[in-house]
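To keep things clear, I will list the structure first and then write my remarks on it.
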Amino acid sequence: MSTTPPTFHEMWRDLASIGRDPDSGGYRRYAWTGADADCRAWFQAQAETRGLTYEVDRNGNQWAWLGDPAAGDAVVTGSHLDSVPDGGAFDGPLGVVSSFAALDELRRRGVEFTKPVAITNFGDEEGARFGLACVGSRLAAGQLGVDKACELRDADGITLPQAMERAGYDPTGIGPDPDRLARIGAFVELHVEQGRALDLTGDRVGIASSIWPHGRWRFDFRGEANHAGTTRLADRRDPMLSYAETVLAARREAELAGAVATFGKIAVEPNGVNAIPSLVRGWLDSRAADQQALDTVVAGIEKAAREYADRHGIDLDVVRESFTPVVEFEHALRDELARVLGASTPVLGTGAGHDAGILSASVPTAMLFVRNPTGVSHSPAEYATEDDCVAGVAALADVLEGLACS
Ligand code: GLV
Ligand code: MN
Ligand code: MN
C-alpha cells in the first residue's frame with residue numbers, strides 16, 4: 001500500500017458533492033455522464049491509493065483487486081455509484097465506500113488473505129438514463145442481449161454504445177463475461193436498507209433472504225392533439241383520462257394483491273398547457289412477493305387500462321421493458337453470514353432490485369443491509385447514521401474475513 005488510505009468519513013466527504021443538485025439536494029449520477037465519470041475517477045483513485053489492481057471490464061464495470069484476479073474462487077464485494085433522479089447519498093455508494101473501508105479494516109487486523117478479494121462498482125444499476133436497471137451486471141451475466149443493449153436510448157435518443165463511446169469507453173466488446181464471473185467464489189453486496197424493518201427490530205445490520213420479482217412496463221396511450229379551449233369535451237380523444245384512470249387501477253390492483261405498483265415516470269406529447277395530448281406514455285414499476293401475485297396485478301392493470309382506452313377512443317400499447325424473477329439468495333452463503341454475524345441477525349426480504357440479485361443466477365451471492373431510520377430511499381432524505389454505517393463496515397469486514405482469510 002503506497003499511502004494511508006482515506007477513512008470512511010473522508011471517502012464519504014469526497015463523494016458527497018459529485019452529481020448533487022444544489023436545488024433539490026438529490027443526486028443525479030446517471031450512467032456515462034460527467035457525474036458518473038467523476039464517480040468512476042473516484043473509484044479508480046481509491047483502488048490506486050490502496051495499491052489494488054484496477055480493471056474495467058468489457059461492460060464498463062469497475063474492479064479493484066487484491067491478489068491475483070485470475071486465481072479463481074475470489075471473494076467480491078461492492079455495489080454501484082449511479083443514482084435515480086434526485087436520489088439519496090446511500091443507495092449504492094454506501095456499499096462501495098464500506099467495501100474499501102472493510103478491506104482497510106482487514107489489513108489493520110493483519111489477517112492473511114487466502115483468496116483474492118475484489119471491490120466492484122457495477123455500471124448503471126438504477127437504469128435512470130436508459131430505462132433498464134442493472135445494465136452492467138445483466139450484460140456480464142448474459143441476462144441482457146447485446147442487440148437489445150445496443151437499442152437502449154436515453155431521452156435525447158442517444159444509444160447506450162454512443163453514450164459509452166462519448167464517455168471514453170469502447171462499447172464494441174459489451175456482452176456476456178462468463179470467464180470473469182467464473183473467477184468469483186462469493187459476491188457480497190452491502191446496501192442501505194430501503195424499508196424500516198431494522199429500525200423496527202432495533203438492529204443495525206441485517207442479512208437479505210430474497211428479492212421480490214419485479215419489472216417495468218411502458219403504457220402508450222395515443223389519442224388526438226387538439227385545442228384545449230375550443231374542443232368540446234364530447235369530441236375529445238384525450239389519452240390523459242385513460243392514463244389517470246389506469247394509475248388509480250394500479251393502486252387498487254396492488255392493494256388487492258398485497259403488492260406494489262407505481263407510475264413514477266410519464267412523458268406527454270406535445271406537452272403544452274393549452275393542448276389536449278396526443279400521447280401519454282407512463283411507465284409502471286410493479287413488484288410482489290411472488291410471481292403469481294405480480295402477474296395478477298399487472299394483468300389487472302392492463303385489463304383496466306384497455307377498458308378505459310376503449311371508452312375514450314384511445315389506442316393503447318403495453319410493452320414489458322424489463323423483468324427480474326424472484327431471487328432467493330444462496331442458503332449456504334446466507335447461513336455463513338448468520339454464523340459470522342450471530343444467529344439473532346435479522347434476515348429480511350426486499351422489494352428493491354440489486355446487482356447481487358442479477359449475479360445470483362451465476363455465482364453465490366449474499367447481501368447485508370444497514371439500518372435506515374426512516375426507510376426512505378430513492379429520495380434526498382435517504383439516511384443512515386454514522387454509527388450504523390460503521391457497524392455495517394465492521395460486519396462486512398467480519399464476513400469477508402470469514403470468507404477470504406485463514
Ligand atoms: C433499484 O434500486 C430498484 O429497486 O429499482
Ligand atoms: Mn436504488
Ligand atoms: Mn442500490
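The values are calculated or read from the model by the stated rules, or taken from the named source; none is laboratory data. Since we're looking at a predicted model, the values are computed, not measured. Here Cβ is always computed from backbone atoms with ideal geometry, including for glycine, and neighbour counts include all displayed protein chains. Please note that ligands, DNA and RNA were not included when accessible areas were found on the heavy atoms of the full protein model with its side chains. Shrake-Rupley method; radii C 1.70, N 1.55, O 1.52, S 1.80 Å.
Within the stretch 145-160, is there a residue that is assigned by TED's automatic domain parsing to the domain that holds V390, of a type in the set (S, T, Y) and farther than 28 Å from D398 by Cβ? So far as the stretch 145-160 goes, yes, one or more of its residues are assigned by TED's automatic domain parsing to the domain that holds V390, of a type in the set (S, T, Y) and farther than 28 Å from D398 by Cβ.
Taking the conditions exactly as written (more than 17 Å from H214 (Cβ to Cβ), free of Cβ contacts under 8 Å to residues at least 40 places away in the same chain, of a type in the set (V, I, T) and surrounded by fewer than 19 Cβ atoms within 10 Å (Cβ to Cβ)), does T385 satisfy them or not? Spelling it out, T385 is indeed more than 17 Å from H214 (Cβ to Cβ), free of Cβ contacts under 8 Å to residues at least 40 places away in the same chain, of a type in the set (V, I, T) and surrounded by fewer than 19 Cβ atoms within 10 Å (Cβ to Cβ). Applying the set (1) surrounded by fewer than 20 Cβ atoms within 10 Å (Cβ to Cβ); (2) not in a strand (DSSP E or B) to N372 leaves exactly one unmet item: (1).
Can you find even one residue in the stretch 357-366 that is open to solvent by 50 Å² or more (accessible area, probe 1.4 Å) and of a type outside the set (S, T, N, Q)? Yes, that holds for at least one residue.
Under the condition of being surrounded by fewer than 19 Cβ atoms within 10 Å (Cβ to Cβ) and among the hydrophobic types (A, V, I, L, M, F, W, C), which residue from the stretch 19-41 is nearest to A394 (Cα to Cα)? Among them, the one singled out is A41.
Looking only at the stretch 294-303, decide whether some residue is among the basic types (K, R), without any contact (Cβ under 8 Å) to a residue 40 or more places away in the chain and in a helix (DSSP H, G or I). The answer is yes, given that some residue of the stretch 294-303 is among the basic types (K, R), without any contact (Cβ under 8 Å) to a residue 40 or more places away in the chain and in a helix (DSSP H, G or I). Looking only at residues that are surrounded by fewer than 19 Cβ atoms within 10 Å (Cβ to Cβ) and aliphatic (A, V, I, L, M) in the stretch 388-406, which one is nearest to G202 (Cα to Cα)? If we take residues in the stretch 388-406 being surrounded by fewer than 19 Cβ atoms within 10 Å (Cβ to Cβ) and aliphatic (A, V, I, L, M), then A391 is nearest to G202 (Cα to Cα). Tell me whether the stretch 153-166 contains one or more residues that are in contact with a Gly (Cβ under 7 Å, 6 or more places away or on another chain) and either at pLDDT below 95 or open to solvent by 10 Å² or more (accessible area, probe 1.4 Å) (or both). No, that holds for no residue. Can R334 be described as more than 30 Å from P239 (Cβ to Cβ), away from ligand 3 (no atom under 16 Å from the Cβ), open to solvent by 40 Å² or more (accessible area, probe 1.4 Å) and assigned to a helix (DSSP H, G or I)? It is true that R334 is more than 30 Å from P239 (Cβ to Cβ), away from ligand 3 (no atom under 16 Å from the Cβ), open to solvent by 40 Å² or more (accessible area, probe 1.4 Å) and assigned to a helix (DSSP H, G or I). Could you list, in sequence order, all residues of the stretch 1-36 that are within 16 Å of A101 (Cα to Cα), among the hydroxyl-bearing types (S, T, Y) and touching a residue at least 60 places away in the same chain (Cβ under 8 Å)? Passing the criteria: only T7.
Within the stretch 90-133, if we keep just the residues that are open to solvent by 20 Å² or more (accessible area, probe 1.4 Å), of a type outside the set (D, E) and more than 13 Å from the chain's Cα centre (by Cα), the residue that is farthest from ligand 1 (Cβ to nearest atom) turns out to be G110.
For every residue, the table says whether it meets (1) within 16 Å of ligand 3 (Cβ to nearest atom); (2) β-branched (V, I, T); (3) under 23 Å from L181 (Cα atoms).
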residue	(1), (2), (3)
A338	no, no, no
L348	yes, no, no
T365	yes, yes, yes
L368	yes, no, yes
A391	no, no, no
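Going by the structure shown, is S377 modelled with pLDDT of 95 or more, open to solvent by 20 Å² or more (accessible area, probe 1.4 Å), in the same structural domain as N61 (by TED's automatic domain parsing) and over 22 Å from S286 (Cα atoms)? Considered against the rule, which asks whether it is modelled with pLDDT of 95 or more, open to solvent by 20 Å² or more (accessible area, probe 1.4 Å), in the same structural domain as N61 (by TED's automatic domain parsing) and over 22 Å from S286 (Cα atoms), S377 comes out as no.
Applying the set (1) closer than 17 Å to A257 by Cβ; (2) buried (at least 18 other Cβ atoms within 10 Å of the Cβ); (3) of a type in the set (S, T, N, Q) to Q292 leaves exactly one unmet item: (2).
Tallying residues that are in a helix (DSSP H, G or I) and hydroxyl-bearing (S, T, Y) within the stretch 218-255 yields 3. For R237, indicate whether it is over 30 Å from I211 (Cα atoms), of a type in the set (K, R), at pLDDT 95 or above and surrounded by 14 or more Cβ atoms within 10 Å (Cβ to Cβ). Judged against the criteria, R237 is a match. Selection of the stretch 177-194 for residues being within 18 Å of the chain's Cα centre (by Cα) and open to solvent by 20 Å² or more (accessible area, probe 1.4 Å) yields only Q194. Restricting attention to the stretch 54-99 and to residues that are part of a helix (DSSP H, G or I) and touching a Pro at 6+ places or on another chain (Cβ under 7 Å), the residue that is farthest from ligand 3 (Cβ to nearest atom) turns out to be A71.
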